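Visitor: Provided herewith is a single structure, encoded as structure tokens, for subsequent inquiry.
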There are 2 protein chains.
Amino acid sequence: MAQTGTDQDATRSRLVEMAQGMIEERGAVGLSLSELAARAGISQGHLSRYFDSREELMEAIADHWFKPMADIMEDVLASDLPPRRKMYEFFARRFVVMRKKWEADPVKLQTYIEVGNENFEQVRSYIDLADHYLGEIIGEAMSDGHFTGLDVDETISLINQMCAPYCALNTMTMFMERLNEDKLARIIDAVFDGLSAQDRGARAVTGLRAA
Amino acid sequence: MAQTGTDQDATRSRLVEMAQGMIEERGAVGLSLSELAARAGISQGHLSRYFDSREELMEAIADHWFKPMADIMEDVLASDLPPRRKMYEFFARRFVVMRKKWEADPVKLQTYIEVGNENFEQVRSYIDLADHYLGEIIGEAMSDGHFTGLDVDETISLINQMCAPYCALNTMTMFMERLNEDKLARIIDAVFDGLSAQDRGARAVTGLRAA
């Protein structure tokens with residue numbers, strides 16, 4: 001049975017969605033290629049045309065799950081917003097998508113977070129992509145004179161830490177009820193107006209630290 | 001057998017430490033009053049002079065675990081440091097204690113964090129205490145003109161979010177390898193120099209937000 005590329009893509013997408021359904025029912029542990037083949041009513045040989053290994057399937061699920069988030073980041077980066085607005089949108093739009101998932105079904109979201117925690121290689125490439133984009137926004141902000149004395153990687157790390165509840169999913173779900181766009185905007189403003197390499201007194205070089 | 005108050009306190013402490021040992025061996029699920037009595041070689045009736053219920057025991061364990069953290073907060077609050085230094089020390093000293101626990105035995109620390117997650121009422125009073133102290137430091141900073149337009153509760157929430165990796169234990173252990181005192185100092189400086197109720201452009205009132 002000859003399939004066109006488009007047919008194959010459609011089948012692959014359908015299989016990924018079916019696998020997501022299985023994960024939502026009983027977690028990632030309950031997901032194997034043989035069970036997916038059974039559920040789809042195809043042979044394991046046929047399934048292997050789409051996924052060579054369980055790992056490849058998990059990767060496809062992660063890609064599918066993160067796709068809307070990657071699209072958001074690309075849209076924001078491609079916009080002609082000033083860096084401060086860009087950075088707010090960069091975090092806010094993805095946060096809003098996650099909050100909607102959480103409001104719709106917090107248990108389902110938690111299942112995906114745990115799938116992610118257990119398959120961290122797949123999540124890693126999404127985090128790397130987010131760091132890459134954040135670095136681009138930071139570069140633009142630096143051209144405008146922000147983050148004096150810091151390098152890009154240091155700034156990425158600091159901003160990820162200051163915005164952890166709005167981007168690290170494990171942290172987000174714990175903090176969710178206290179998170180909102182107004183607070184995020186104040187944090188981003190504080191990042192832009194307060195973050196630099198200049199030591200302004202929080203940490204004393206000498207004094208009580210060792211006490 | 002008549003015991004002095006001091007004897008009773010010492011026995012109680014010994015029992016709490018014994019219970020902690022049991023938790024470290026096999027998690028909180030494996031901890032019951034009857035097993036603690038057996039381990040201590042005393043009757044359950046005798047044990048009930050110290051702990052009326054498992055809940056009371058868990059509370060005593062949490063108190064014991066959080067005591068050094070509460071002491072740190074009191075010391076910092078009682079110091080005559082300026083508010084910015086106080087806030088840094090408030091987070092940094094507790095972070096350093098946790099990092100030491102993590103370096104010594106990350107699995108043991110994770111066990112206690114899970115005990116805390118499962119017995120959140122006990123943790124709640126520690127968090128409330130920390131928020132109370134943080135509010136005092138914020139009040140001092142406000143007298144110096146910081147956090148213009150924000151109220152104390154709003155500021156507590158914002159700072160807890162911006163410092164989440166340095167105070168929320170679940171988040172801290174995830175971020176641990178990327179956390180250090182230099183970064184915390186930059187974040188506290190950004191809090192003091194960047195955080196206010198003034199809208200400085202991160203969030204546009206109109207524009208691309210709905211896109």
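Visitor: Output the residue which, of all residues in segment A:76-122 that are facing chain B (nearest Cβ under 10 Å), open to solvent by less than 60 Å² (accessible area, probe 1.4 Å) and under 13 Å from the mean Cα position of the chain (by Cα), is farthest from A:Phe192 (Cα to Cα).
Guide: The qualifying residue farthest from A:Phe192 (Cα to Cα) is A:Val96.
Visitor: Of everything in segment B:44-91, what is assigned to a loop (DSSP other than H, G, I, E, B) and within 23 Å of B:Gln8 (Cα to Cα)? Give them in sequence order.
Guide: Those that are assigned to a loop (DSSP other than H, G, I, E, B) and within 23 Å of B:Gln8 (Cα to Cα): B:Ser48, B:Arg49, B:Tyr50, B:Phe51, B:Asp52, B:Ser53.
Visitor: Follow-up. Would you check if there is a residue in segment A:124-134 being under 30 Å from B:Glu89 (Cβ atoms) and either facing another protein chain (nearest Cβ under 7 Å) or touching a residue at least 40 places away in the same chain (Cβ under 8 Å) (or both)?
Guide: Looking for residues that are under 30 Å from B:Glu89 (Cβ atoms) and either facing another protein chain (nearest Cβ under 7 Å) or touching a residue at least 40 places away in the same chain (Cβ under 8 Å) (or both), one finds at least one in segment A:124-134, hence yes.
Visitor: (1) under 24 Å from A:Ile188 (Cα atoms); (2) open to solvent by 50 Å² or more (accessible area, probe 1.4 Å): which one isn't true of B:His132, the others all being true?
Guide: With (1) under 24 Å from A:Ile188 (Cα atoms); (2) open to solvent by 50 Å² or more (accessible area, probe 1.4 Å) applied to B:His132, the lone miss is (1).
Visitor: Has segment A:47-59 got at least one residue that is open to solvent by less than 40 Å² (accessible area, probe 1.4 Å), in contact with a helix residue (DSSP H, G or I) (Cβ under 7 Å, 6 or more places away or on another chain) and of a type outside the set (A, V, I, L, M, F, W, C)?
Guide: yes
Visitor: One residue is enough: does segment B:2-13 have a residue meeting the conditions open to solvent by less than 20 Å² (accessible area, probe 1.4 Å) and in contact (Cβ under 8 Å) with a residue 40 or more places away in the chain?
Guide: no
Visitor: Would you check if A:Ala130 is in the same structural domain as A:Leu77 (by TED's automatic domain parsing), modelled with pLDDT of 95 or more and within 26 Å of A:Pro82 (Cα to Cα)?
Guide: Yes; evaluated as a whole, the condition is true for this residue.
Visitor: With (1) within 27 Å of B:Pro82 (Cα to Cα); (2) touching a residue at least 24 places away in the same chain (Cβ under 8 Å); (3) surrounded by fewer than 17 Cβ atoms within 10 Å (Cβ to Cβ) as the list, and A:Val191 as the residue in question, which single condition is left unmet?
Guide: So the condition that A:Val191 fails would be (3).
Visitor: Please work out if B:Ile42 is within 30 Å of B:Ile137 (Cα to Cα) and of a type in the set (Val, Ile, Thr).
Guide: It is false that B:Ile42 is within 30 Å of B:Ile137 (Cα to Cα) and of a type in the set (Val, Ile, Thr).
Visitor: Do the conditions hold for A:Leu184, that is, is it open to solvent by less than 50 Å² (accessible area, probe 1.4 Å), over 18 Å from B:Leu184 (Cα atoms) and assigned by TED's automatic domain parsing to the domain that holds A:Met98?
Guide: In short, yes.
Visitor: Let me ask another. Take the residues of segment A:135-153 that are small (Gly, Ala, Ser) and either in contact with a helix residue (DSSP H, G or I) (Cβ under 6 Å, 6 or more places away or on another chain) or more than 12 Å from chain B (Cβ to nearest Cβ) (or both): which is most open to solvent (accessible area, probe 1.4 Å)?
Guide: A:Ser143
Visitor: Right, next: Would you confirm whether any residue within segment B:154-171 is of a type in the set (D, E, K, R), surrounded by fewer than 18 Cβ atoms within 10 Å (Cβ to Cβ) and in contact with a helix residue (DSSP H, G or I) (Cβ under 9 Å, 6 or more places away or on another chain)?
Guide: Yes; the residues of segment B:154-171 include at least one that is of a type in the set (D, E, K, R), surrounded by fewer than 18 Cβ atoms within 10 Å (Cβ to Cβ) and in contact with a helix residue (DSSP H, G or I) (Cβ under 9 Å, 6 or more places away or on another chain).
Visitor: In this structure, does A:Arg94 turn out to be in a helix (DSSP H, G or I) and under 24 Å from A:Lys183 (Cβ atoms)?
Guide: Yes.
Visitor: B:Val107: over 29 Å from B:Asp7 (Cα atoms) and either touching a strand residue (DSSP E or B) at 6+ places or on another chain (Cβ under 8 Å) or in a helix (DSSP H, G or I) (or both), yes or no?
Guide: Criteria met by B:Val107.
Visitor: Restricting attention to segment B:30-42, and to residues there that are outside any helix (DSSP H, G or I) and modelled with pLDDT of 95 or more, which single residue is most open to solvent (accessible area, probe 1.4 Å)?
Guide: Here the residue is B:Gly41.
Visitor: Among what's in segment B:14-29 and is modelled with pLDDT of 90 or more and small (Gly, Ala, Ser), pick the residue that is surrounded by the fewest Cβ atoms within 10 Å (Cβ to Cβ).
Guide: Selected residue: B:Gly21.
The values are calculated or read from the model by the stated rules, or taken from the named source; none is laboratory data. Remember, predicted model here, so these are calculated numbers, not experimental data. Cβ coordinates were reconstructed from backbone atoms using ideal geometry, including for glycine residues, and neighbour counts include every protein chain displayed. For accessibility, only protein heavy atoms count, side chains too; no ligands or nucleic acids. Shrake-Rupley method; radii C 1.70, N 1.55, O 1.52, S 1.80 Å.
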